[in-house]
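This report refers to the structure that appears directly beneath it.
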Amino acid sequence: MKSKKRPAGRVRPIRALVVCGSLVTLLAGGCGAGGGLVEAAARLRLNDCTPAFPDAEGLGTADRIVLDFTGGFSRLHPDVELPPVAWTAFALADGGTLADAEQDFIEDVRDTIVQILCEAGLYEVQVRVGEAEDFGEVNVVHFTADVPTDRSHQMGLAEYDPCNHYHDNIAIVYGGQIARYGIVGTYGEWVNIFANLAAHEIGHTLGYSHVSRAEAASSTRGSFTELMLDGHTIDELRGEQRILTAQSTCPSASDITEPVLTHESMPDLGR
């Protein structure tokens, strides 16, 4: 396993459009920069919604999201190397653990996140699985076996970025905290749990704020639960979630110009 690098401190504002041939893309390096960075960036130029969502046809990628299951360093915990998720900690209802289907599970989580974002009309996104340091300037979700350093019950943490000013925000899904609840679920329920948590935190990095239960009650669709609820029960996490409640991701009264931290926790440890 290759050694991880601590992330450099964020310097703002630096955003450059680099034209490579006939493509315009956001890159940390320039055209012809060496090695894996360009290769990785090339895989992130087209959005993920095009195949199933005609309205996305012809759109590029404004927000590139990398799901990093390998641990490593995060700007939110710069002095701590996050351990990778321990899949043996998550029991399946029909026996075994998620470790028995790790790679398929990770891809299914990724596909579910894409479906959630595309159904919300966030067509200019692309979601990839990989190591964050291979992709340059991207939004990153770190999945880790760790628990929150402040000993809280939060299962996720993210930089809340109203108006989506920046495209290199960080989120964390704390697998160690999820494991503490002793959940036994079907494969599909586990896909929903991890995808819902990650998509919720991604929502914050794109400018979505929490929604109260009172607000969510007036926005329903089938059996879906509001993704951006301010606290989900375990049963809600097991099911399918979508962004249902209309909200401004760039409120005119907002005086937040830098991302601030927000988290996802259990309301009264409800099930």
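The values are calculated or read from the model by the stated rules, or taken from the named source; none is laboratory data. Keep in mind that this is a model prediction, so the values were computed, not measured. All Cβ positions, glycine included, derive from the backbone under ideal geometry; neighbour counts span all protein chains shown.
What the table shows:
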{"read-out": "Matching residues in region 50-92 - criterion: being within 25 Å of L122 (Cα to Cα), in contact (Cβ under 8 Å) with a residue 12 or more places away in the chain and acidic (D, E)", "value": "D55, D63, D68"}
{"read-out": "Complete set of residues in region 203-228 that are in contact with a strand residue (DSSP E or B) (Cβ under 6 Å, 6 or more places away or on another chain) and either among the hydroxyl-bearing types (S, T, Y) or under 22 Å from E131 (Cβ atoms) (or both)", "value": "T205, T225"}
{"read-out": "Residues of region 173-219 classified as more than 23 Å from A101 (Cβ to Cβ) and in a helix (DSSP H, G or I), total", "value": "10"}
{"read-out": "Tally, over region 225-248, of residues that are outside any loop (DSSP other than H, G, I, E, B) and surrounded by fewer than 16 Cβ atoms within 10 Å (Cβ to Cβ)", "value": "1"}
{"read-out": "Yes/no for G222 being surrounded by 13 or more Cβ atoms within 10 Å (Cβ to Cβ) and among the small types (G, A, S)", "value": "no"}
{"read-out": "Hey, T97 farther than 13 Å from I202 by Cβ, touching a helix residue (DSSP H, G or I) at 6+ places or on another chain (Cβ under 6 Å) and not acidic (D, E) or not", "value": "yes"}
{"read-out": "Among residues of region 202-248, those that are within 19 Å of the chain's Cα centre (by Cα) and of a type in the set (K, R), counted", "value": "2"}
{"read-out": "Subset of region 93-103 (residues that are farther than 17 Å from V173 by Cα, of a type in the set (D, E) and without any contact (Cβ under 8 Å) to a residue 60 or more places away in the chain)", "value": "D100"}
{"read-out": "Considering residues of region 170-212 that are within 18 Å of A62 (Cα to Cα) and in contact with a Gly (Cβ under 7 Å, 6 or more places away or on another chain) only, the residue surrounded by the most Cβ atoms within 10 Å (Cβ to Cβ)", "value": "A171"}
{"read-out": "Which numbered condition P78 fails, given (1) surrounded by fewer than 18 Cβ atoms within 10 Å (Cβ to Cβ); (2) in a loop (DSSP other than H, G, I, E, B)", "value": "(2)"}
{"read-out": "Criterion violated by G185 - all others in (1) within 28 Å of R64 (Cβ to Cβ); (2) in contact (Cβ under 8 Å) with a residue 40 or more places away in the chain satisfied", "value": "(1)"}
{"read-out": "Test result for E119, under 29 Å from D150 (Cα atoms), at pLDDT 85 or above and touching a Phe, Trp or Tyr at 6+ places or on another chain (Cβ under 9 Å)", "value": "no"}
{"read-out": "Hits in region 231-251 - residues which are free of Cβ contacts under 8 Å to residues at least 60 places away in the same chain and over 12 Å from Y208 (Cα atoms)", "value": "G231, H232, T233, I234, D235, E236, L237, R238, G239, E240"}
